[in-house]
Amino acid sequence: MLRRFLALSCLAVALSGCVSIPKILYDTPQTTPLSETLKSGASLRYIEYIPPSAKPGDKLPLIIVLHGSGEAGGDTYSVLANGPWKYANEHPDFPFLMLAPQMDRDGEWDPEALNEWLTAAEKTLSVQGFTVDRRRIYLTGLSRGGQGTWDFAMRHPRRFAAIAPVAAYSDVNEPCRLKAVPVWVFHGQNDHTVPLARDQKLVDDARACGVDVRFTVYPDTGHDSWSKAYADPELYSWFLSHRKRLLDLVYPVPRAR
């Protein structure tokens, strides 16, 4: 399965790059392919990552990772091609649970479907004995997944303690809804796939609303700004520095099925 993906992994290079999957994360106890059935009857496939140091009964922070176009459809393990996975592999003390859904090849990230899926995936983690710290749920994504990050957070801002969209913009384009959600945006100065100006305007509009936005622009970098963003230890420290207020936790706590 992995070999088949690697043979095809350069497809859609312009949108999401061509990066080898960290082999140690393939088919290990840390990364498990799962699926949840939504109310519509559709199944949403995803990878679940459990940090090696985690024990049943632990209450852990969670990162949701949304992939780019090149990882859509096909082998669920392809979502490991880009994102925080390499960093997690290289740092045994990485403390986060991670969930990475996979959209269909011709699909788009749907905030409502993602919201329903996240509730179901939390229940699945609960069945395994792991509790998500609902004050520390973070969202990130690259390219099309970065767009999904903006859109999902704008539609459901109370879900997340902080978000980090990478190389993206938003179709929802309602940044004022993120007043209580710190945002760290990453973009390449020479990105010709998603021009920097589109992200810059979104950042400017968010700041005008009082949103706490941090904006990192990598000089001499094209669309692949995610390799640098996800290799930066400060991103993960920044995530952990934010947690939601108890009053903002409006979603019911998932119970084991």
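The values are calculated or read from the model by the stated rules, or taken from the named source; none is laboratory data. Here the structure is a predicted model, which means the values were calculated and not measured. Every residue, glycine as well, gets a Cβ built from its backbone with ideal geometry; the counts of neighbours run over all protein chains shown.
Quick check, is ALA231 modelled with pLDDT of 95 or more, within 18 Å of the chain's Cα centre (by Cα) and under 17 Å from ILE63 (Cα atoms)?
yes
Which number in (1) of a type in the set (Lys, Arg); (2) within 18 Å of ARG144 (Cβ to Cβ); (3) in contact with a helix residue (DSSP H, G or I) (Cβ under 8 Å, 6 or more places away or on another chain) marks the one condition that LYS244 misses?
(2)
So SER69 passes all but one of these: (1) crowded, with 23+ Cβ neighbours inside 10 Å; (2) over 13 Å from the mean Cα position of the chain (by Cα); (3) of a type outside the set (A, V, I, L, M). Which condition number does it fail?
(1)
Among the residues of the range 170-187, is any of a type in the set (A, V, I, L, M), under 17 Å from LEU114 (Cβ atoms) and surrounded by fewer than 19 Cβ atoms within 10 Å (Cβ to Cβ)?
Checked against the condition, which is being of a type in the set (A, V, I, L, M), under 17 Å from LEU114 (Cβ atoms) and surrounded by fewer than 19 Cβ atoms within 10 Å (Cβ to Cβ), the range 170-187 yields at least one hit.
Is there any pair with a first residue in the range 214-235 that is under 16 Å from VAL183 (Cα atoms) and a second that is part of a loop (DSSP other than H, G, I, E, B) and polar (S, T, N, Q) whose Cβ atoms are under 7 Å apart and which are 6 or more apart or on different chains, and what are they?
From residues that are under 16 Å from VAL183 (Cα atoms), the pairs are VAL217/GLN189; TRP226/ASN82.
Can you give me the number of residues within the range 125-151 that are more than 22 Å from LEU246 (Cβ to Cβ), in contact (Cβ under 8 Å) with a residue 60 or more places away in the chain and surrounded by 20 or more Cβ atoms within 10 Å (Cβ to Cβ)?
So the count comes out to 9.
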